[in-house]
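Below is one structure, written out as structure tokens; the observations come after it.
The values are calculated or read from the model by the stated rules, or taken from the named source; none is laboratory data. Remember, it's a predicted structure, so these values are computed and weren't measured experimentally. Here the Cβ is made from the backbone with ideal geometry for all residues, glycine too, and neighbour counts use every protein chain on show. The accessibility values were calculated without ligands, DNA or RNA, using every heavy atom of the protein model including side chains. Shrake-Rupley method; radii C 1.70, N 1.55, O 1.52, S 1.80 Å.
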Amino acid sequence: MSNETLIELINVTKEYSGKKGRVTAISDLNLKVSKSEFIIIGGPSGAGKTTTLNLIAGLDRPTQGEIILFRRNIKDLNEEELAKIRQEKIGFVFQFFNLIDNLTVLENVMVPMIPLNIPETEIIAKAEELLSELGLIGKKNRFPRELSGGEQQRVAIARALITDPDIIIADEPIAQLDEKAGKIVIDLLLDARKRGKTVILATASQALIDELKKHADKIILLERGKVVNKTGKKGK
Ligand SMILES: Nc1ncnc2c1ncn2[C@@H]1O[C@H](COP(=O)(O)OP(=O)(O)OP(=O)(O)O)[C@@H](O)[C@H]1O
Ligand SMILES: [Mg+2]
């Protein structure tokens with residue numbers, strides 16, 4: 001079924017307690033992620049985009065509301081069960097990359113495959129293929145600190161794609177990239193989508209939203225934790 005619901009956020013509010021008291025990062029958000037959809041989450045810095053992605057991916061729990069991940073209410077899941085769902089189903093490109101400092105580029109990309117029972121030579125071949133596509137094969141033995149921001153971003157993208165996950169979540173995936181590298185990454189995401197993957201992309205860039213608009217099933221614009229505009233294709 002092509003419009004099967006994979007993830008649902010129901011009246012979700014997320015508050016953080018910081019030095020200056022409580023901050024409401026997301027307020028009363030409703031969102032459905034269906035199979036094969038391409039969803040864009042837009043809005044200015046601080047609007048709640050990363051918070052929303054973390055909730056969608058089960059990386060964080062809401063203060064209020066319900067989150068259904070693959071038909072399971074996350075209230076009924078412990079951290080280990082949540083981690084297993086993430087590991088099997090979701091590839092996450094973090095805004096600030098979250099690469100492992102003491103692993104090489106190649107090893108960082110291989111990380112999500114290690115728990116799977118697959119021969120190492122196969123994992124290396126897959127990691128090298130992605131690194132080649134992303135123009136980074138020449139740097140496979142370097143450490144993250146020896147790379148530019150844009151190069152680190154591409155390593156994070158390769159790592160998110162290596163397991164060929166059902167859902168790819170990308171937080172500002174081209175913010176640090178030049179035009180050519182940005183186009184490669186966008187093409188990889190659109191190509192994944194063509195193969196039936198679900199892609200969720202967050203960006204503060206209106207230019208990027210305009211560029212991707214024609215491919216998107218839903219565009220959700222956030223401001224101060226609230227949805228200010230939601231557009232979608234017919235029937236979504
Ligand atoms: N761990 C945290 N503790 C306290 N406040 C937080 C935390 N994470 C985010 N916030 C606050 O929640 C709000 C939403 O943050 P979020 O990171 O989701 O925004 P964003 O839309 O991703 O912004 P950017 O475009 O700058 O990445 C902001 O006001 C932010 O300061
Ligand atoms: Mg963010």
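Of all residues in the range 169-228, those that are more than 16 Å from ligand 1 (Cβ to nearest atom) and part of a helix (DSSP H, G or I) total 22. Of all the residues in the range 110-159, those that are exposed (fewer than 13 other Cβ atoms within 10 Å of the Cβ), among the polar types (S, T, N, Q) and within 25 Å of residue 187 (Cα to Cα) number 1. Among the residues that make up the range 177-188, is at least one of them within 16 Å of ligand 2 (Cβ to nearest atom), of a type outside the set (Gly, Ala, Ser), under 14 Å from the mean Cα position of the chain (by Cα) and open to solvent by less than 60 Å² (accessible area, probe 1.4 Å)? Checking the range 177-188: not a single residue is within 16 Å of ligand 2 (Cβ to nearest atom), of a type outside the set (Gly, Ala, Ser), under 14 Å from the mean Cα position of the chain (by Cα) and open to solvent by less than 60 Å² (accessible area, probe 1.4 Å).
Selection of the range 1-27 for residues being in contact with a Gly (Cβ under 9 Å, 6 or more places away or on another chain) and open to solvent by less than 60 Å² (accessible area, probe 1.4 Å) yields 7, 9, 10, 12, 13, 14, 25, 26, 27. Would you confirm whether or not the range 141-155 contains a residue that is closer than 25 Å to residue 45 by Cβ and not in a helix (DSSP H, G or I)? The answer is yes; a qualifying residue exists. Tell me whether the range 84-103 contains one or more residues that are under 30 Å from residue 212 (Cβ atoms), assigned to a helix (DSSP H, G or I), more than 16 Å from the chain's Cα centre (by Cα) and away from ligand 2 (no atom under 16 Å from the Cβ). Among the residues of the range 84-103, not one is under 30 Å from residue 212 (Cβ atoms), assigned to a helix (DSSP H, G or I), more than 16 Å from the chain's Cα centre (by Cα) and away from ligand 2 (no atom under 16 Å from the Cβ), which makes the answer no. Evaluate the range 55-74: report whether one residue or more is out of contact with any helix residue (DSSP H, G or I) (no Cβ under 6 Å at 6 or more places or on another chain) and within 11 Å of ligand 1 (Cβ to nearest atom). Yes, because at least one residue in the range 55-74 is out of contact with any helix residue (DSSP H, G or I) (no Cβ under 6 Å at 6 or more places or on another chain) and within 11 Å of ligand 1 (Cβ to nearest atom). In the range 194-218, the residues that are open to solvent by 50 Å² or more (accessible area, probe 1.4 Å) form Cβ pairs under 9 Å with partners that are within 16 Å of ligand 2 (Cβ to nearest atom) and not in a strand (DSSP E or B), at six or more places apart or across chains, as follows: 204/43; 204/44; 204/45; 204/47; 204/49; 204/172; 204/175; 211/205. Output the residues belonging to the range 160-176 that are of a type in the set (Gly, Ala, Ser) and open to solvent by 20 Å² or more (accessible area, probe 1.4 Å). Once the filter is applied, which keeps residues that are of a type in the set (Gly, Ala, Ser) and open to solvent by 20 Å² or more (accessible area, probe 1.4 Å), the range 160-176 yields only 175.
Considering only residues in the range 38-72 that are among the hydroxyl-bearing types (Ser, Thr, Tyr) and open to solvent by 10 Å² or more (accessible area, probe 1.4 Å), the one that is farthest from ligand 2 (Cβ to nearest atom) turns out to be 63.
Reported count of residues in the range 1-52, each being among the hydrophobic types (A, V, I, L, M, F, W, C), within 16 Å of ligand 1 (Cβ to nearest atom) and touching a residue at least 40 places away in the same chain (Cβ under 8 Å), is 10.
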